[in-house]
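Working notes, beginning with the structure itself.
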Amino acid sequence: MNKKRKDKILKALVYLFLSVYALFQLVPFYLRLVFSLQPKDFVPVLGEVYWWPEGLHFENYVNAWKMSNLGTGYLNSFIYVTIFTAVSAFIAILVGYVIAKKKFKGRKLIFIVLLATFMVPSEVLLIPNYIIVRDLGWLNTLTALIVPGLVNVVGIFLAKQFLETLPDSLLEAAVIDGASEMGIFFKIVLPMSSPVIATYVILVYTQMWNDYLWPLIVANRQEVFTVQLSLMTFQTNFQNGYDLILESAALILTLAPMVLIFLLFQKKFVEGISMTGLK
Amino acid sequence: MKQGIEKFKKENKVIQNIMKPFYTKHRNEIIAYRMLAIPLILWGIFFLFAFCRVVYLSFTDWNIFNEPNFIGFDNYIRIFTKDDVIFKAFFNTLIWTVLTVIGHNLIGLATAYMITKVRIGQKFFRAALFWPIMVSQVVGATMIEWIFDSSPNGLLNTLIGKLGFGSVAWLSDPDIALYALMVYPLFMQFGKVMLIYIAGLTQIPASYKEAAELDGATNWETFKWVTIPLLKPIIILNVVYTMIESFKIMGPMQLVTNGGPLNSTMSVVLKIYQDGFVEYKMGYASSVAIVFFLIILAITMMQFKFKGEDVSYE
């Protein structure tokens, strides 16, 4: 009897702790959301925390969008991240398929060599890749943002693991039907890989959207700024109270699509991270 | 002219006939490598060639404007003997790594354990604790700047002001700036670690814990003597993962304090960035990158050494 009661109290404490922690994480962002909706002439009183805005001034979002070049950033990020994710997913499935299903000399070697990529952090290759991109004349283009990372070893690894479970009989039947090699890939392998593609796309899309270091190095002109770079340059013109309000709006605008994607595809996220983490 | 074409055609046919057995014999290889060609070329340029180049550059004095001169191990000697800032960078990164590894694993394991214990709202709490992972470095830095703003307007200074304390110069005091930068990522960005712990905890069969409970073990005893030993491979995995990730840290340092004040928030990767892309000392920055790479390699190797001792649930 006593133990049961103790368990109940313990469980209540667990709920309490988890709830408090969740709130603790949410509050700073909530306070920025409140800021982003304050009126233009709002002057915060020193030492005061504002839990509720004085009216809902959504025009701050329009102003922030215009001022911070966020529109260009959004568009550039959308274009380059979408192309990057699509092409790198295609490459990952292609390479994963060849390594998983084709029998040829050098298969093991290629896989091991590709895996070695894991050991070299991308930070080590910043300098040489910058020089390569510069020599190719790609600085300040979206190409520079897309091409260098296209062969994603994590993706190849995921695809290989997944495609090894694909029954050989399916592929053999297609060969008997007279399908070409690329025909088999497009008509059978690619559609069958949709679960792993979905996981990969969500992980990589959010990761690329949030990336700032590589764009910072190869994109110096406003026309090719990504959304993160737009927010970064926003930080510099901090002057009066309204700047904090606009900055809050820009911050929410940068963050919102990612939180939305997370809420919509939570299951895929959890799956993807557990999958890449546990392997 | 015509004769020449005829002759060429003939020779071509001869070559084709000679090559035919090669084609049939190596049909698989030709198909496979044709499919792999473009990915392998891309990988060859942006990984293999790039890696060789950074190794080569690390032995030169290249500063982007002159021709690179080979100077042997001079850069490496300078790293270990003459550069005080790099010492600071390694020291800061080490502090950051140790505290993050301990913090993220403790918070991650504790929250994961609690979430698996909860019956109702498991998915809700998982999402509620995990989502800050979706916050980018730049957004995170903007939050840190505001929370730890040294003026009385900063969130933390406002809060401690309510308790009657004066404002603290969180980010401009060299003694505390590094720790002020650390607070946000430490308490907010443990989500990945937590998820992997949740996956590990749910893999442990319930029968083990039930057996321990039947023997009269308390919750704490079950956790300590059953859960932790069975979770050992996951713990090692997470420790190595957090170690590598936090050793690569530069975001908050670059975006909030830019290494200052007095290099008190300089990190190794930030040093690579500043030497290479601010001062254009590409040769020297490359040698720092190589030292950084060797450290990451050593940490990764450690994982393979530990991986030998696996735990079986059978």
In a Gaussian network model over chain B where Cα atoms closer than 10 Å are linked, find which of B:110, B:212, B:177 has the largest mean-square fluctuation. B:212
Let me understand the range B:1-110 better: what is its radius of gyration from the alpha carbons, and its Dmax, in angstrom? 28.0, 84
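Under a Cβ-only charge scheme (Lys and Arg +1, Asp and Glu -1), can you give me the dipole magnitude of the range A:71-234 about the Cα centre, in debye to the nearest 20?
340 debye
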The range A:1-101: Rg to Rh, with Rh as the Kirkwood radius over Cα pairs: 1.27
Between residue A:198 and residue B:224, what is the label-point separation in nm under the 7 Å Cα-to-beta-carbon projection? 4.5 nm
Low-density loop cleavage sites - chymotrypsin sites (Phe, Trp or Tyr not before Pro) in the range B:50-142, where at most 12 other Cβ are within 10 Å (DSSP): B:65, B:73
Scattering profile of the range B:30-166 at q = 0.12, 0.15, 0.16, 0.20 Å⁻¹ [log10 I(q)/I(0), Debye over alpha-carbon scatterers]: -1.00, -1.09, -1.10, -1.19
If you take every residue apart from residue A:57 with its C-beta less than 14 Å away from the C-beta of residue A:57, what net charge results, scoring Lys and Arg +1 and Asp and Glu -1? -2
10 Å binning of all Cα-Cα separations within the range B:175-298, expressed as whole percents from 0 upward: 11, 28, 25, 17, 12, 5, 1
In a Gaussian network model over chain B where Cα atoms closer than 10 Å are linked, find which of B:82, B:162, B:20 has the largest mean-square fluctuation. B:20
Per-residue accessible area, 1.4 Å probe, largest first, puts A:57, B:104 in the order A:57, B:104
Can you tell me which of A:99, A:112, A:261 moves the most in a GNM of chain A? Springs connect C-alpha atoms under 10 Å apart. A:112
On C-alpha positions alone, give me the angle between the axis of helix A:194-210 and the longest principal axis of chain A, in degrees, nearest 10. 40 degrees
Asserting the computed 222 nm helical MRE of chain B (DSSP H runs at least 4 long, -39500 (n - 2.57) per run, divided by residue count, to nearest 500) equals -21500 deg cm²/dmol
If I fit a long axis through the Cα atoms of helix B:177-188 and take the longest principal axis of the Cα atoms of chain B, what angle between them do I get, 0 to 90°, rounded to 10? 90 degrees
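Buried accessible area for the A:B pair, summed, 1.4 Å probe, in Å² rounded to 100? Numbers along the way, then the final one.
On the way: alone 17470 and 20130 Å², together 29590 Å².
By this definition, chains A and B bury close to 8000 Å².
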What is the magnitude of the charge dipole of the protein assembly as shown about its Cα centre, with +1 placed on the Cβ of each Lys and Arg, -1 on the Cβ of each Asp and Glu, and no other charges, expressed in debye to the nearest 20? 2220 debye
Heavy atoms only, probe 1.4 angstrom, no DNA, RNA or ligands counted: give me A:107, B:34 ranked by accessible area, highest first. B:34, A:107
Rg in Å to one decimal, and Dmax rounded to a whole Å, for the protein assembly as shown via C-alpha atoms: 27.4, 106
Skipping prolines and chain starts, which residues have an amide H placed within reach, meaning under 5 Å, of the one on residue B:60, given they are 5 or more residues away or on another chain? B:71
Give, rounded to the nearest 20 debye, the magnitude of the charge dipole that the range B:84-307 has about its Cα centre when Lys and Arg contribute +1 at Cβ and Asp and Glu contribute -1 at Cβ. 620 debye
Roughly how many Å² of residue B:173 are accessible to a 1.4 Å probe, to the nearest 10? 50 Å²
Helical contribution to [θ] at 222 nm, DSSP H n ≥ 4, -39,500 (n - 2.57), averaged over chain A, rounded to 500: -22000 deg cm²/dmol
Any chance you could look up the accessible area of residue B:15 with a 1.4 Å probe, heavy atoms only, rounded to 10 Å²? 90 Å²
The farthest towards the positive end of the charge dipole of chain B, of the residues B:38, B:174, B:94, given +1 on Cβ of Lys and Arg and -1 on Cβ of Asp and Glu, is B:38
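The values are calculated or read from the model by the stated rules, or taken from the named source; none is laboratory data. From a predicted model like this one, the values you see are computed outputs, not experimental measurements. So basically every Cβ, Gly included, is an ideal-geometry build from the backbone, and we count neighbours across all protein chains shown. Surface accessibility is based on the protein's heavy atoms, side chains included, excluding ligands, DNA and RNA. Shrake-Rupley method; radii C 1.70, N 1.55, O 1.52, S 1.80 Å.
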